[in-house]
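In what follows, a structure is listed as structure tokens, so that the remarks can point back to it.
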Amino acid sequence: MQTTPFLGELIGTMVLILLGNGVVANVVLNKTKGNNGGWIVITAGWGLAVMAAVFTATALGSPGAHINPAVTLAFAVLQGDYSLLATFIPAQILGAMIGATLVWIQYYSHWEATDDPGAKLACFATGPAIRSAIPNFLSEFIATGVLILGIVAIGNTNITSADQGGIPPAIGPYIVGMLVWSIGLSLGGTTGYAINPARDLGPRIAHALLPIAKKGSSDWAYAWVPVLAPLLGAAIFGFILRLFSF
């Protein structure tokens, strides 16, 4: 097999969801070693998941390592090149579904041991702390904007140029992971910070399809928020950054 951008995005996103939703399952499902570990554990786990996923996607053929349709769209708007959308986004959604299925397998014995269907859904998809469409949408919009702004800034040549005393590019995945950790700690308490349509949609589909013990609704009434808000935020912030000639 040869490495390709499609493979990189697929496997990278799979790793993202396996480790990211895996830490949620470890914290919220009953009788796990990490049960009740709390928000700090979840946000740290997601930050490390992003780091591992970026390295994986890069190694398997996707130098940009977007692992997120919002990032793909933002760079498409920023660079005026939309050619990657048709390749990357299907790979990301499929990878997210595979990653979510692996989480289900990893914690197979704990679904039956957990009575709360909401906790089980949280191991797959995001949900609001207080359900209110406009504030929820704005939360995801703002958090995604911070993500795009941070990623573009981290990759800026003024920061990564070694001859200007900048950080080596190989450090980038670590810093992006820290950025996602920061977003989770500071902005994630309202909606669970999807900031990635594939991260929410792929696992939500998996939740609907998998024979999870005592599962409840997949909450499709909310599903449009973590898909549309990050995409809109990415497009707008990509356009704004283009005005600054990034």
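The values are calculated or read from the model by the stated rules, or taken from the named source; none is laboratory data. Note that the coordinates shown come from a computational prediction; the quantities given were computed from them, not determined experimentally. Note that we place each Cβ from the backbone using ideal geometry, even for glycine, and neighbour counts take in every protein chain shown. Ligands, DNA and RNA are stripped out before the accessible areas are found, and what is left, the full protein with its side chains, is counted by its heavy atoms. Shrake-Rupley method; radii C 1.70, N 1.55, O 1.52, S 1.80 Å.
Hey, any hits in the stretch 31-53 for a residue that's among the hydrophobic types (A, V, I, L, M, F, W, C), touching a Ser or Thr at 6+ places or on another chain (Cβ under 8 Å) and farther than 30 Å from SER109 by Cβ? Give the derivation first.
Restricting attention to the stretch 31-53, the residues satisfying the condition of being among the hydrophobic types (A, V, I, L, M, F, W, C) are 39-42, 44, 46, 48-53.
Among the residues that remain, those that are also touching a Ser or Thr at 6+ places or on another chain (Cβ under 8 Å) are: 53.
Narrowing further to those that are farther than 30 Å from SER109 by Cβ: none.
No, that holds for no residue.
So in the stretch 57-87, with the set limited to residues that are in contact with a Pro (Cβ under 7 Å, 6 or more places away or on another chain) and open to solvent by 10 Å² or more (accessible area, probe 1.4 Å), which one is farthest from PHE244 (Cα to Cα)? Walk me through it before giving the result.
Restricting attention to the stretch 57-87, the residues satisfying the condition of being in contact with a Pro (Cβ under 7 Å, 6 or more places away or on another chain) are 61-62, 69-70, 87.
With the extra rule that they be open to solvent by 10 Å² or more (accessible area, probe 1.4 Å), the set shrinks to 61, 87.
Values: GLY61: 30, THR87: 28 Å.
Checking each candidate, the answer is GLY61.
Against the condition open to solvent by 30 Å² or more (accessible area, probe 1.4 Å), in contact (Cβ under 8 Å) with a residue 60 or more places away in the chain and β-branched (Val, Ile, Thr), how does THR43 come out, does it pass? Full working, then the answer.
Working: open to solvent by 30 Å² or more (accessible area, probe 1.4 Å): no; in contact (Cβ under 8 Å) with a residue 60 or more places away in the chain: yes; β-branched (Val, Ile, Thr): yes.
For THR43, the condition - open to solvent by 30 Å² or more (accessible area, probe 1.4 Å), in contact (Cβ under 8 Å) with a residue 60 or more places away in the chain and β-branched (Val, Ile, Thr) - is not met.
Which residue out of GLY80, GLY99 is touching a Ser or Thr at 6+ places or on another chain (Cβ under 8 Å) and not aliphatic (A, V, I, L, M)?
Testing whether each residue is touching a Ser or Thr at 6+ places or on another chain (Cβ under 8 Å) and not aliphatic (A, V, I, L, M) leaves just GLY99.
Mind listing whichever residues of the stretch 214-246 are loosely packed, with under 15 Cβ neighbours inside 10 Å, closer than 27 Å to LEU29 by Cβ and touching a residue at least 24 places away in the same chain (Cβ under 8 Å)?
LYS214, GLY216, SER217
Any chance the stretch 196-213 includes a residue that's surrounded by 24 or more Cβ atoms within 10 Å (Cβ to Cβ), under 16 Å from the mean Cα position of the chain (by Cα) and part of a loop (DSSP other than H, G, I, E, B)?
Scanning the stretch 196-213 turns up at least one residue that is surrounded by 24 or more Cβ atoms within 10 Å (Cβ to Cβ), under 16 Å from the mean Cα position of the chain (by Cα) and part of a loop (DSSP other than H, G, I, E, B).
Out of everything in the stretch 1-14 that is crowded, with 23+ Cβ neighbours inside 10 Å and of a type in the set (A, V, I, L, M, F, W, C), what residue ends up being nearest to LEU102 (Cα to Cα)? Steps first, answer last, please.
Residues of the stretch 1-14 crowded, with 23+ Cβ neighbours inside 10 Å: 8-14.
This time we only want the ones that are of a type in the set (A, V, I, L, M, F, W, C), so: 10-11, 14.
On the way: LEU10: 14, ILE11: 12, MET14: 9 Å.
Among them, the one singled out is MET14.
How about the stretch 150-167: which of its residues are at pLDDT 80 or above and exposed (fewer than 14 other Cβ atoms within 10 Å of the Cβ)?
Our first condition is that a residue be at pLDDT 80 or above; within the stretch 150-167, this holds for 150-156.
Within the stretch 150-167, just ASN156 meets the criteria.
Please enumerate the residues belonging to the stretch 88-136 that are of a type in the set (Phe, Trp, Tyr), assigned to a helix (DSSP H, G or I) and surrounded by 20 or more Cβ atoms within 10 Å (Cβ to Cβ).
Correct list: PHE88, TRP104, TRP111.
Being closer than 20 Å to LYS214 by Cα and among the β-branched types (Val, Ile, Thr) is the filter; apply it to the stretch 15-32 and report the residue that is most open to solvent (accessible area, probe 1.4 Å). Let's see the steps before the verdict.
Residues of the stretch 15-32 that are closer than 20 Å to LYS214 by Cα, as a first pass: 21-22, 24-32.
Those still in the list that are among the β-branched types (Val, Ile, Thr) too: 24, 27-28, 32.
Working: VAL24: 11, VAL27: 10, VAL28: 42, THR32: 20 Å².
Restricting to residues being closer than 20 Å to LYS214 by Cα and among the β-branched types (Val, Ile, Thr), the top hit is VAL28.
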